[in-house]
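The values are calculated or read from the model by the stated rules, or taken from the named source; none is laboratory data. Given the structure is predicted, the values throughout are model-derived calculations rather than measurements. As a convention, Cβ positions derive from the backbone with ideal geometry for all residues, glycine included, and neighbour counts pool all protein chains shown.
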Amino acid sequence: MSNPEYVKGDPHEQVEKNKTEIMHLFSGIMQLAGIDPNTHDTKRTPERFWEVLMYATKGYPQEVTLERTYEDSANPDFPVMRISTGIPFVSFCEHHWMPFIGTVDIAYIPKGEVTGMSKLPQVVEKYAHRFQNQERMTEQIAEEIWTVVKPMGVMVVSKGMHSCERVEGYRRDGPYVCSAVRGVFTKETNPRNEVLGLLNSIDLNTI
């Protein structure tokens with residue numbers, strides 16, 4: 001079996017265009033692993049794998065989702081910190097091609113402009129639906145908010161459970177946590193401590 005050539009371009013577009021070949025190659029992997037791809041339970045497995053790839057790559061073609069910002073209605077002398085917590089995500093580890101699942105918390109202090117509450121989960125989804133690592137995903141989310149909304153500061157905290165750890169035999173009782181900061185959150189401890197204190201005090205079950 002010859003290896004297909006690497007094709008540059010939008011991964012989501014390539015997955016969609018090359019459905020038949022992807023399914024054929026995955027069927028070949030199953031056979032090489034000693035798994036019959038033609039049983040009642042496995043005959044749709046290659047197509048299901050293709051469907052997973054479509055889901056895993058749908059973040060690549062998305063444009064910037066924070067193109068719309070609005071004038072902040074709060075007193076500019078006393079900006080109100082915006083915090084969105086517990087935004088769920090499912091992403092795929094680029095090292096193992098296995099999912100890691102968790103939540104993202106976002107806080108930013110406006111400097112005249114804000115973005116809609118629904119836009120923040122869309123940004124998370126865009127960067128999660130790629131073959132990723134958690135550190136880069138967290139940075140990309142923070143960078144987009146920082147670049148487009150232009151706040152005084154932004155802080156992004158991601159918490160993820162990685163299935164590849166479990167498969168390889170490593171057990172972690174808690175999630176893997178990453179944070180990315182910009183602006184005042186990099187220079188001043190008070191805003192950063194305020195966000196962390198609020199995040200630790202929020203009980204989503206009581207909302």
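Descriptive notes on the structure:
- Selected residue (criterion: surrounded by the most Cβ atoms within 10 Å (Cβ to Cβ)) from residues of segment 79-98 that are out of contact with any Gly (no Cβ under 9 Å at 6 or more places or on another chain) and under 17 Å from Tyr55 (Cα atoms): Phe92
- Every listed requirement among (1) of a type in the set (A, V, I, L, M); (2) under 18 Å from Val80 (Cβ atoms); (3) surrounded by fewer than 21 Cβ atoms within 10 Å (Cβ to Cβ) is met by Ile101 save one, (2).
- Restricting segment 169-188 to residues that are assigned to a strand (DSSP E or B) and not charged (D, E, K, R), the residue that is modelled with the lowest pLDDT is Tyr176.
Rundown of residues vs (1) in contact with a Leu (Cβ under 6 Å, 6 or more places away or on another chain); (2) surrounded by 13 or more Cβ atoms within 10 Å (Cβ to Cβ); (3) more than 30 Å from Met54 (Cα to Cα); (4) not aliphatic (A, V, I, L, M), yes/no style:
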| residue | (1), (2), (3), (4) |
| --- | --- |
| Thr115 | yes, yes, no, yes |
| Asn133 | no, yes, no, yes |
| Val181 | no, yes, yes, no |
| Asn190 | no, no, yes, yes |
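- Residue in segment 45-62 that is hydrophobic (A, V, I, L, M, F, W, C), at pLDDT 95 or above, touching a Ser or Thr at 6+ places or on another chain (Cβ under 7 Å) and not assigned by TED's automatic domain parsing to the domain that holds Ser158 present: no
- Among the residues of segment 28-67, those identified as closer than 23 Å to Glu13 by Cβ and β-branched (Val, Ile, Thr) are Ile29, Val52, Thr57, Val64, Thr65.
Here is a yes/no grid of residues against (1) touching a residue at least 40 places away in the same chain (Cβ under 8 Å); (2) outside any helix (DSSP H, G or I); (3) assigned by TED's automatic domain parsing to the domain that holds Glu21; (4) out of contact with any Pro (no Cβ under 7 Å at 6 or more places or on another chain):
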position: Ala74; (1), (2), (3), (4): no, yes, no, yes
position: Pro79; (1), (2), (3), (4): yes, yes, no, no
position: Val90; (1), (2), (3), (4): no, yes, no, no
position: Gly102; (1), (2), (3), (4): yes, yes, no, no
position: Arg136; (1), (2), (3), (4): no, no, no, yes
